[in-house]
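The values are calculated or read from the model by the stated rules, or taken from the named source; none is laboratory data. Quantities reported herein were computed from a predicted structural model and do not represent experimental measurements. We place every Cβ from the backbone using ideal geometry, glycine too, and count neighbours over all the protein chains shown. Accessible surface areas use protein heavy atoms only, side chains included; no ligands, DNA or RNA. Shrake-Rupley method; radii C 1.70, N 1.55, O 1.52, S 1.80 Å.
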Amino acid sequence: MEISIITPTFNRADCLVRCLDSVTNQLRHLPLDLKVEQVVVDDGSLDNTRELLARYAADHPHVVPVYFDCNRGVNAARNAAVRKAAYRWCLILDSDDALNPGALDRIAGVVEAEPGYRSYMFTVDDRIEEMAAIGDRREYVFEDFLLGRADGDFAHLLDRQLLLDHPFDENLRIYEGLFFLSFFKDAGRMLFTNIVTHRRERDRSDSVSLTLIRTNDAVIRRKLQKAEMQLERFGEDYISAGHPEIVSRLYFEIADNSTLLGEYVRASQALPMAGDSMKTVILKFIIALRLGVPYKWMLQRYLLKKYRKPERGVN
């Protein structure tokens, strides 16, 4: 078996070596028929990440470095790593995370024991309790994720061809779950095995999860783009699965975010497909009176108050 570990990185000088060592320290214990490389893409880092990566790669031939001259985003970095990868299987490992000792051997053991899948999923250490509810092993199908019957944050091993056929959209830097839906649709069946393979660092100040709140136009535009992409890619799948209400919700998201951006024609075109809920009635009123600016001001004040972190040291 052959595994290419896919690692995008940007300004991670504080933790990159930990990630790299978590792979390197396992190599001497792997069976001879298990080949591993780690493709690391420096996404135009402004700290000394690039220099650290270059020195590490010079001493460790399994590390394959790729360097961007400027920051292009995590999706561009992942796509570049996949294109550079030499092996069939791609294991996603972010540079602020690390592999558990023995993880590579155990992952390979699952694939060899249960061949026939193109997508395998494992457990991350901050989701142990959540994954315990799933059980030791479970097979999923595309509709489980499409309809939200499966809702988990997994570690992923994917057939490289899936990633080549459905590249991450480089204009949408977050919402990776949307891209995994494309992988799952193509794969058909996915196997989850409750083995803890990844250790993750959360609560970083630069975590992507902190950029999802609609407190500025950039976030609003990304949410609009995500809703349009989800509707385009999976709208017919929701209808076929008997859930037109999800399509209506996506149209509402398009109308809502377009209104916040002052794009009233776009909002008016989407709103008739958004159903007839009270929220839709209110939004129709806002659009008719061109009240997008005060609506955005009130929404953002509410969100800033709701999600403001308490200051440390204050009782």
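Quick one: 3J(HN,Hα) in Hz for the stretch 85-99, Karplus 6.51/-1.76/1.60 with θ = phi - 60°, rounded, Gly and Pro as x.
Residue by residue, the stretch 85-99 yields 4, 9, 10, 5, 9, 10, 9, 7, 9, 6, 6, 9, 10, 8, 7 Hz.
Give a quick list of trypsin sites (Lys or Arg not before Pro) in the stretch 1-81 that DSSP marks as loop, anything other than H, G, I, E or B, with at most 14 other Cβ atoms within 10 Å. Working shown, then result.
Numbers: sites: Arg12, Arg18, Arg28, Lys35, Arg50, Arg55, Arg72, Arg78; in loops: Arg12, Arg28, Arg72.
Listed in order of number, the matching sites are Arg28.
Using a 1.4 angstrom probe, figure out how much accessible area the chain has per residue, in square angstrom, rounded to the nearest whole.
Numbers: 15930 Å² over 315 residues.
For the chain, the per-residue accessible area is 51 Å².
Computed FRET efficiency, Cβ-Cβ of Glu232 and Asp151, R0 25 Å: what is it to the nearest 0.05?
Details: r = 23 Å, r/R0 = 0.90.
The value I calculate is 0.65.
Using only DSSP helix segments of four residues or longer, with each worth -39500 (n - 2.57), what per-residue ellipticity at 222 nm results for the chain after dividing by its residue count and rounding to 500? Display every interim value, and only then the final one.
Numbers: 13 runs with 148 residues, N = 315.
After summing the helix terms and dividing by residue count, I get -14500 deg cm²/dmol.
Please name whichever of Leu172, Val40, Ile254 sits farthest to the positive end of the charge dipole of the chain, dipole taken about the Cα centre and charges placed at Cβ: Lys and Arg +1, Asp and Glu -1.
Toward the positive end, the furthest listed residue is Ile254.
What does the C-alpha gyration tensor say about the overall shape of the stretch 11-72? Classify as rounded when a/c is under 1.5, otherwise prolate if a/b is larger than b/c, or oblate.
Numbers: a/c = 2.70, a/b = 2.04, b/c = 1.32.
Since a/c reaches 1.5 and a/b is larger than b/c, the shape of the stretch 11-72 is classed as prolate.
In the chain, which whole DSSP H runs stretch at least 20 Å along their own axis (Cα) and average 0.0 or higher on the Kyte-Doolittle scale?
Working: long enough: 217-240 (34 Å, -0.80); 244-260 (24 Å, 0.10); 292-307 (22 Å, -0.56).
Flagged H segments are 244-260.
Quick one: compute the contact order of the chain, relative version, from alpha carbon pairs under 8 angstrom and 6+ residues apart, as a percent.
Numbers: 482 pairs, mean separation 50.1, N = 315.
Computed over the chain, the figure is 16 percent.
Sticking with the crude label model, points 7 Å out along Cα→Cβ, report the distance from Asp126 to Leu164 in nm, one decimal please.
Result: 3.4 nm between the two label points.
Using the basic label-point model (7 angstrom from Cα toward the beta carbon), what is the Asp59 to Asp136 distance in nanometres?
For the pair Asp59/Asp136, the computed spacing is 4.1 nm.
Restrict the search to the stretch 230-299; then list the trypsin sites (Lys or Arg not before Pro) that DSSP places in a loop and that have at most 16 other Cβ atoms within 10 Å of their Cβ. Could the numbers behind the result be given before it?
Values: sites: Arg233, Arg249, Arg266, Lys279, Lys284, Arg290, Lys296; in loops: Arg290.
When the trypsin sites (Lys or Arg not before Pro) of the stretch 230-299 are filtered for loop state and at most 16 Cβ neighbours within 10 Å, Arg290 remain.
Quick one: net charge of Glu253's neighbours, Cβ under 14 Å, K/R +1, D/E -1? Write down the numbers at each step before the final one.
Numbers: positive: Arg214, Arg221, Arg222, Lys223, Lys226, Arg249, Arg266, Lys279; negative: Glu228, Glu232, Glu245, Asp256, Glu263.
Net local charge, Glu253 excluded: +3.
Using a Förster distance of 25 Å, how high is the FRET efficiency between Arg83 and Asn25, based on the Cβ-Cβ distance and rounded to 0.05? Could the numbers behind the result be given before it?
Numbers: r = 27 Å, r/R0 = 1.09.
Efficiency at R0 = 25 Å is approximately 0.35.
Between Asp217 and Met273, how high is the FRET efficiency from 1/(1 + (r/R0)^6) when r is the Cβ-Cβ distance and R₀ = 35 Å? Nearest 0.05. Could you put the intermediate results ahead of the total?
Values: r = 24 Å, r/R0 = 0.69.
Using R0 = 35 Å, I get an efficiency of 0.90.
Using 0.36 nm times the number of residues separating Leu32 and Leu303, minus their current alpha carbon distance, what extension gain do you get?
Extending this stretch completely gives an extra 92.2 nm.
Only sites in a loop by DSSP and with at most 15 other Cβ atoms within 10 Å count here; which GluC sites (Glu not before Pro) in the stretch 105-209 make the cut? Mind dumping the intermediate values first?
On the way: sites: Glu112, Glu129, Glu130, Glu139, Glu143, Glu170, Glu176, Glu201; in loops: Glu170, Glu201.
Answer by residue number: Glu170.
In a Gaussian network model over the chain where Cα atoms closer than 10 Å are linked, find which of Thr49, Thr215, Thr259 has the largest mean-square fluctuation.
Checking each option, the largest mean-square fluctuation is seen for Thr215.
Express in whole angstrom the spacing between the alpha-carbon centres of the stretch 97-141 and the stretch 144-197.
Measuring centre to centre over Cα atoms gives 14 Å.
Share of antiparallel DSSP beta bridges in the chain, in percent to the nearest 5?
Numbers: 15 of 36 bridges.
Once the DSSP bridges in the chain are tallied, antiparallel ones form about 40 percent.
Share of the chain's accessible area from carbon and sulfur, percent, 1.4 Å?
On the way: 8280 of 15930 Å².
On the chain, the fraction of accessible area on carbon and sulfur atoms equals 52 percent.
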